[in-house]
Amino acid sequence: MKVDLVVDARYKSCPGPLLALAEAVAKSSPGQVIMLLATDPAAPQDIKEWASSVNHRVLKVEKINEVYQIYVEV
Amino acid sequence: MPKISIIVSSEKLDKLLPAMTLATTAAIMGWESEVFFTFWGLLALKKGYVPREVSSDYKGYEDELKRAVSSGVMPSWREVLEQGKKTGRLKIYACSTTMSLLGIKSEDLVEYVDNVVGAATFLDSAKDSDISLFIS
């Protein structure tokens, strides 16, 4: 998957990952893909809730070595 | 979009952080969000105010919370607030009665306060909220 931007929010607890992602989204263009890295176990569900609320899309969530990779289409 | 109205009556770190986390998260989710700072909560809106304490009942956790903020695991309450303001959907109101009670003037308040209002004005604004919370 083509990733336009990686946002590293590892070791940040709520609301850190969402704040970091929202900041990156504000600087991105529609159609771009952001990969958010997070270790907060609440992050995948939080990001999905946010995405459905503001019409962005979570394309995929993977967990590799305790790190979530959350792919979001802006 | 839904709307959340929060009343904050404490200036302590352990009250400000969860209140602003909810308010800013709501704004980032596209919700309308408003926070009314009253009584001791208003102290947090004074220019230069930095919360250094948690509520007295939870003193034992103070160092842990401060460490979480200083290490970046948790954002500072002011960072959270500022990011909420950037959405244009977070409104910050200061209680007019508390202003006179504590001798605080408009120029003493940080620039992101949207308005100084009384109880009736805030209630009128909050009456159609989906979620309303009092954090004390």
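Just so you know, all these numbers are worked out from the coordinates, no wet-lab data involved. Predicted, not measured: the structure shown is a model, and the values here were computed from it. Backbone-built Cβ (ideal geometry, glycine too); neighbour counts: all protein chains shown.
Worth a mention:
- Relative contact order %, chain B, counting alpha carbon pairs below 8 Å whose residues are six or more apart: 37
- In terms of Cα atoms, the Rg and Dmax of chain A work out to 10.8, 30 Å.
- In nm, spacing of pseudo-spin labels at A:LYS60 and B:SER55 (7 Å Cα→C-beta vector): 4.5
- Sites B:PHE134 and A:ASP4, calculated FRET efficiency, Cβ-Cβ separation with R0 41 Å, nearest 0.05: 0.45
- Those chymotrypsin sites (Phe, Trp or Tyr not before Pro) in region A:1-69 that DSSP places in a loop and that have at most 16 other beta carbons within 10 Å: A:TYR11
- Across region B:128-135, computed HN-Hα scalar couplings (Karplus, 6.51 cos²θ - 1.76 cosθ + 1.60, θ = phi - 60°) run 9, 6, 7, 10, 9, 10, 10, 10 Hz from first to last residue, x flagging Gly and Pro.
- Antiparallel beta bridges, as assigned by DSSP with both residues in the protein assembly as shown, represent about 35 percent of the total such bridges.
- Annotation: amide H-H contacts under 5 Å for A:LEU59 (H modelled 1.01 Å from N, sequence separation of 5 or more, or interchain): A:TYR71, A:VAL72, A:GLU73.
- Over 20 Å [Cα-Cα, region B:9-92], rounded percent: 32
- Rounded tilt (10° steps) of A:43-54 against the dominant C-alpha axis of chain A: 20
- Over chain A, relative contact order from alpha-carbon pairs under 8 Å, at least 6 apart, %: 34
- Region B:1-52 and region A:10-62 have Cα centres separated by 23 Å.
- Secondary-structure-derived ellipticity at 222 nm for the protein assembly as shown, considering helices only, amounts to -10000 deg cm²/dmol, per-run term -39500 (n - 2.57) for DSSP H runs with n ≥ 4.
- Cross-link pairs A:LYS12/A:LYS63; B:LYS15/B:LYS46; B:LYS12/B:LYS46; B:LYS3/B:LYS85; A:LYS12/B:LYS59; B:LYS15/B:LYS59 - those with Cα-Cα distance over 19 Å: A:LYS12/B:LYS59
- Near A:TYR68: Cβ cut-off under 13 Å, other residues only, Lys/Arg at +1 and Asp/Glu at -1. The net charge is 0.
- GNM remark for chain B: springs join alpha carbons under 10 Å apart, and the peak mean-square fluctuation among B:GLY88, B:GLY41, B:GLY103 falls on B:GLY103.
- Cleavage-rule hits (trypsin sites (Lys or Arg not before Pro)) in chain A: DSSP loop, at most 10 neighbouring Cβ within 10 angstrom: A:LYS2, A:LYS27
- Cα extents for the protein assembly as shown along the principal axes, largest to smallest and rounded to whole angstrom: 59, 39, 27.
- Proximity of backbone amide H atoms, modeled 1.01 Å from N, is registered between B:ILE7 and B:PHE36, B:LEU133, B:PHE134, B:ILE135 at under 5 Å, excluding neighbours fewer than 5 places apart on the same chain.
- Rounded tilt (10° steps) of A:16-26 against the dominant C-alpha axis of chain A: 10
- Take every DSSP beta bridge whose two residues both sit in region B:3-135; close to 5 percent of them are antiparallel.
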